[in-house]
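The values are calculated or read from the model by the stated rules, or taken from the named source; none is laboratory data. This one's a predicted model, so the numbers in the text were calculated from it and none came from an experiment. Here the Cβ positions follow ideal geometry from the backbone for every residue, glycine too, while neighbour counts run over all protein chains shown. Surface accessibility is based on the protein's heavy atoms, side chains included, excluding ligands, DNA and RNA. Shrake-Rupley method; radii C 1.70, N 1.55, O 1.52, S 1.80 Å.
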Amino acid sequence: MTPAAIFSRRRLTLALAAAALLGGTAAVHAQNALDKVTQTKTIKIAVPTDYPPYGFVGLDLKPQGLDIAMAELIAKQLGVKLEMVPVTSANRIPYVQTKQVDLVISTLGKNPERLKVIDFTHAYAPFFQGVYASKSLQIKSFDDLANKTVAVAKGAMEEQELAKVGPASMQFKRYEDQAASTAAFVAGQTQVIATSVSNAGLMMQKNPQLNAEYKLLIKDSPNFIGVAKGEDALRMKVNEIILAAKKDGTLDAMAKKWLGRTAGDLPLTE
């Protein structure tokens, strides 16, 4: 073998060794989020701050809401400091995908597209469309909506689903969009509003004089916690925390406080 061939072979061997080392390092890095959290005594969690009742800034200028409470619970159970990172719907997945945060707790639903880029824990809270009205109005079943006026956004899922289960005498008042239907209810133009829990939360936060509350469930879509791909140790640890909180009633209490209903039977991931 010529000197040139020997040199070339050595370069190839070194290159392969370096690639293997880098690959090993990447594999370790892909699994070390929980170790990093444990070592630094800090966990970074992406949360919403403009989406009541899940995450918003209170009158004391501090973040609060169900997602905030869940982030605080996880940090407490891990025995570490919580660093909250405000995110929007558009950037919440990239934040955890690129590991700028360890977890994302931000009304995140699970679907096939998202499963391609991040992993999910067990569900921790419901996200739903419901019927809301004044506490003074007795509504315990869909039959109680008989002859009631209901504000809805034109063509919205709330109207379509409610029409399937509500009485024929229920009177829909259709408005151009969710903002208009909400304004109509706030102004007293209807007795009831059918809307998402997030919109209802914002409405009740801005208009406490309504004394409105959740009455009936129209459709449920649970929230999950997002984790970067490959971070199985952290994901499983969070799953343990969720299961324990589900068993001792903490999840139900949190949902009751912020959403007006218990968490219910939430789905588990594999």
Quick one: which residues, 5+ away or cross-chain, put their amide H under 5 Å from the amide H of Met170? H built at 1.01 Å from N.
-> Asn147
Length gained if Ala90 through Asp35 is fully extended, taking 0.36 nm per residue and subtracting the Cα-Cα distance, is 17.0 nm
Averaged per residue, the 1.4 Å probe accessible area of the stretch 184-270, protein heavy atoms only, in Å², is roughly 46 Å²
Under the Karplus relation 6.51 cos²θ - 1.76 cosθ + 1.60, θ = phi - 60°, what is the ordered set of whole-Hz ³J(HN,Hα) values for the stretch 54-62, x standing for Gly and Pro?
-> 7, x, 7, 8, x, 5, 8, 6, 9
For Ser196, the accessible surface traced by a 1.4 Å probe with all protein chains present amounts, in square angstrom to the nearest 10, to 10 Å²
Integer Hz, Karplus 6.51/-1.76/1.60 couplings in order for the stretch 33-50, x for Gly and Pro = 4, 5, 4, 4, 4, 5, 6, 7, 6, 9, 10, 9, 10, 6, 9, x, 10, 9
Report, to the nearest whole %, how much of the accessible area of the stretch 184-270 belongs to carbon and sulfur atoms, 1.4 Å probe, protein only.
-> 52 percent
Rank Gly109, Pro52, Ile139 by how far each Cα sits towards the positive end of the charge dipole of the chain (+1 on Lys, Arg Cβ; -1 on Asp, Glu Cβ) and give me just the farthest.
-> Gly109
Sparse-neighbourhood loop sites, trypsin sites (Lys or Arg not before Pro) in the stretch 98-204 - DSSP loop, at most 11 other Cβ within 10 angstrom = Lys116, Lys135, Lys140
Compute the relative contact order of the chain as a whole-number percentage, counting only Cα pairs closer than 8 Å that sit 6 or more residues apart in sequence.
-> 25 percent
Label corresponding to Kirkwood radius over Cα pairs in Å when calculated from the structure given, among (1) 20.9; (2) 18.2; (3) 20.0 | (1)
Roughly what % of DSSP beta bridges within the chain run antiparallel, to the nearest 5?
-> 60 percent
Asp143/Thr262 FRET efficiency (R0 22 Å; Cβ-Cβ; nearest 0.05) = 0.50
How large is ³J(HN,Hα), in whole Hz, for each residue of the stretch 156-172 in order, when computed from phi with the Karplus curve 6.51 cos²θ - 1.76 cosθ + 1.60 and θ = phi - 60°, using x for Gly and Pro?
-> 6, 4, 4, 5, 4, 6, 5, 5, 6, 10, x, x, 5, 7, 4, 10, 6
What percentage of the solvent-accessible surface of the stretch 44-109, computed with a 1.4 Å probe over protein heavy atoms, is contributed by carbon and sulfur atoms?
-> 53 percent
Using a 1.4 angstrom probe, figure out how much accessible area the stretch 48-159 has per residue, in square angstrom, rounded to the nearest whole.
-> 44 Å²
Excluding residues fewer than 8 positions from Lys99 in its own chain, the aspartates and glutamates with Cα under 16 Å of it are Asp35, Glu83, Asp119, Glu231, Asp232
